[in-house]
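To keep things clear, I will list the structure first and then write my remarks on it.
The values are calculated or read from the model by the stated rules, or taken from the named source; none is laboratory data. Since the model is a prediction, treat every value here as computed from it, not as a measurement. Backbone-built Cβ (ideal geometry, glycine too); neighbour counts: all protein chains shown. Calculation scope for accessible area: heavy atoms of the full protein, side chains included, ligands and nucleic acids excluded. Shrake-Rupley method; radii C 1.70, N 1.55, O 1.52, S 1.80 Å.
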Amino acid sequence: MFVYADNAATTCVSRTALDAMMPYLTGQYGNPSSLYSFGQAAREAVEDARKTVASCIGAQPREIYFTSGGSEADNQAILSAAKAGARKNKRHLISTAFEHHAVLHTLKKLEKEGFEVTLLPVHEDGVVRLQDLEAAVREDTALVTVMFANNEIGTIQPVEEIGAFCRERSIPFHTDAVQAAGHMPIDVNKMNIDMLSLSGHKFHAPKGTGVLYTRRSIPIYNLIEGGGQERGKRAGTENVAGIVALAAALKESCDNMETNTAKILPMRDKLLDQLAGIPHSVINGCPEKRVPGTVNICFEGLEGDGLLILLDQNGICASSGSACNAGSIDPSHVLLALGLPYELAHGSLRLSIGEYNTMEEIDHILSVVPRVVETLRSKSPLWQAMESGRRPHLI
């Protein structure tokens, strides 16, 4: 049996998205910037997509900018807020210790340019505390950026409370909603979100498509110079087919969110319940405050890479964390931020399921994982040292 359980890394393109984009890959291939009607038909498709995306997150169409994905949107949001803050002598930025590297690396870049960065702790349950934000805010704080849901452990952050806190203090608030869009209800006005990033391939649109939402009052810094596309804020001929597909996929995901969640939750809960029964293992992150489809667990006494290889040999696609860091010898910065020991963080497994998965596939995962864990532990000197009492168990 083949089981794809890595939907947090990417999803398949849905039939709805594929059908929506195909005309703009074949017969309707005009450039949206062209003045003749063939090009203007493409322009109309882009603007209709903009309206659709805006309606899905409670925004206005003029607040939606199409990008190449979540990383570009994160970069543009953070750099825009930083440059706007610097003009007012505000050079302090606040984020969390377990953000996606698109955020963390952008903040590192800004530190080299003289900005100060405070990374909030996320505690053992993987959830930010509002009191930590309150303690970190300063008069010169130019931005708070906290992800909506973590990409590795799936925990949901108190975005609405953080947004209200920032709004009261006139501090711009950005959230990386890449793992939440299409899977969790989002209303940028109700949640007091000033900037938001999302990526189409996390909800069945093609890779290479994304969105940056910015409230009209937020000035935007250009990452790419060139033509006047995206109201002069993102140069380059628009990916019309990808944009149309993103809008179609997002609307489909939002329209079916309740139904999809009702299907996914029993599968996820079965994984959580039975995997937690494997001796010397720990579920990472709050069991309740998490996106519907993500499970992250650490197994003591083994390496995550070996686990993934054996799962693959049994037809299961999974990961040990973010796909962006595949191949790294270091354990996940997310798990280390939770306070997990280095050795334990190395033995992590992320399973992320979606509405296309079935309970039969979940049963296959649950039949394979315990056997694979036992096999790897039987060959692990670290596990043998723990079992013999020469080293203490960590769990």
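Structure notes:
- Qualifying residue in segment 2-16 (condition: within 18 Å of H204 (Cα to Cα), open to solvent by 60 Å² or more (accessible area, probe 1.4 Å) and in contact with a Cys (Cβ under 6 Å, 6 or more places away or on another chain)): yes
- Of residues in segment 152-186 being over 17 Å from the mean Cα position of the chain (by Cα) and closer than 14 Å to G58 by Cβ, the one least open to solvent (accessible area, probe 1.4 Å): G163
- Residue count for segment 106-116, restricted to those that are open to solvent by 20 Å² or more (accessible area, probe 1.4 Å) and under 20 Å from E72 (Cα atoms): 5.
- Scope segment 17-36; condition surrounded by fewer than 18 Cβ atoms within 10 Å (Cβ to Cβ), in contact (Cβ under 8 Å) with a residue 12 or more places away in the chain and of a type in the set (F, W, Y); matching residues: Y29
- Count of residues meeting criterion [aromatic (F, W, Y) and either within 19 Å of V295 (Cα to Cα) or assigned to a helix (DSSP H, G or I) (or both)] in segment 3-41: 3
- Residues that are out of contact with any Cys (no Cβ under 8 Å at 6 or more places or on another chain) and open to solvent by less than 10 Å² (accessible area, probe 1.4 Å) within segment 265-284 comprise M267, L271, L275, listed in sequence order.
- Criterion violated by V103 - all others in (1) open to solvent by 10 Å² or more (accessible area, probe 1.4 Å); (2) closer than 29 Å to A49 by Cα satisfied: (1)
- For segment 229-261, residues that are outside any helix (DSSP H, G or I) and either within 14 Å of C56 (Cα to Cα) or without any contact (Cβ under 8 Å) to a residue 40 or more places away in the chain (or both) total 3.
- Given (1) of a type in the set (S, T, N, Q); (2) outside any strand (DSSP E or B); (3) open to solvent by less than 30 Å² (accessible area, probe 1.4 Å), index of the condition S95 fails: (2)
- First in segment 86-97 and under 15 Å from I171 (Cβ atoms), second anywhere and open to solvent by 70 Å² or more (accessible area, probe 1.4 Å) and assigned to a loop (DSSP other than H, G, I, E, B), Cβ under 7 Å, 6 or more apart: H92/R138
- Single residue of segment 285-297 satisfying the filter (over 17 Å from C317 (Cα atoms) and in contact with a Gly (Cβ under 9 Å, 6 or more places away or on another chain)) that is most open to solvent (accessible area, probe 1.4 Å): K289
- Selection within segment 54-87 - surrounded by 23 or more Cβ atoms within 10 Å (Cβ to Cβ), of a type in the set (S, T, N, Q) and not in a helix (DSSP H, G or I): T67
- The single condition among (1) on the phi > 0 side of the Ramachandran plot; (2) buried (at least 24 other Cβ atoms within 10 Å of the Cβ) that E230 does not meet is (2).
- Residue in segment 345-354 that is in contact (Cβ under 8 Å) with a residue 12 or more places away in the chain, polar (S, T, N, Q) and part of a helix (DSSP H, G or I) present: no
- If you check A235, A181, A177 for being within 22 Å of R129 (Cβ to Cβ) and of a type outside the set (D, E), only one passes: A177.
- For segment 128-138, the candidate set comprises residues that are open to solvent by 40 Å² or more (accessible area, probe 1.4 Å) and in contact (Cβ under 8 Å) with a residue 24 or more places away in the chain; within that set, the residue that is nearest to P292 (Cα to Cα) is L130.
- Residues in segment 361-385 that are of a type outside the set (D, E) and under 31 Å from the mean Cα position of the chain (by Cα): I362, H364, I365, L366, S367, V368, V369, P370, R371, V372, V373, L376.
- Taken over segment 138-167, residues that are more than 19 Å from G114 (Cβ to Cβ) and either among the acidic types (D, E) or part of a loop (DSSP other than H, G, I, E, B) (or both) amount to 12.
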